[in-house]
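Read the structure below first, then the notes.
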Amino acid sequence: MTNAIAASEGLDGCWYGGQHHPGPPPVRLGVRTDGECVVIEVWDAAEGIPQPQEPEPDAVSGRGLVLVEALSAYHGVELCPDGSGKTVWAIIADWRP
């Protein structure tokens with residue numbers, strides 16, 4: 001979520017559902033489960049695919065995708081075909097206590 005919020009800063013509108021929406025774009029979070037795994041999806045209106053970073057040990061940011069990779073069984077990014085942003089998703093398997 002933090003990466004999506006940061007990626008959306010400075011945007012003054014977005015396309016969603018085939019319509020242009022002026023103003024700061026929202027960030028959308030989806031969480032679902034089938035009882036076996038949890039799927040987490042985060043949508044933002046920014047273009048471009050996020051890249052993992054290698055921050056300095058004392059840096060206060062830059063670890064988001066590294067954490068997603070470490071905690072998920074699978075993860076990825078899908079660009080919206082209509083150019084309305086992207087969804088970063090992760091599948092968390094064996095999540096039950």
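Details
- All strands (runs of 3 or more DSSP E) inside the stretch 1-73 with 1 or more residues being within 18 Å of THR87 (Cβ to Cβ) and touching an Asp or Glu at 6+ places or on another chain (Cβ under 9 Å): 13-16, 28-33, 37-44
- Members of the stretch 51-72 that are closer than 28 Å to ASP94 by Cα and either modelled with pLDDT of 90 or more or among the aliphatic types (A, V, I, L, M) (or both): LEU65, VAL66, LEU67, VAL68, GLU69, ALA70, LEU71, SER72
- Residue match in the stretch 31-44 (condition: at negative phi, of a type outside the set (D, E, K, R) and exposed (fewer than 13 other Cβ atoms within 10 Å of the Cβ)): yes
The values are calculated or read from the model by the stated rules, or taken from the named source; none is laboratory data. Computed from a predicted model, the values in this text were never measured in an experiment. Please note: Cβ atoms are built from the backbone with ideal geometry, for glycine as well, and neighbour counts cover all protein chains shown.
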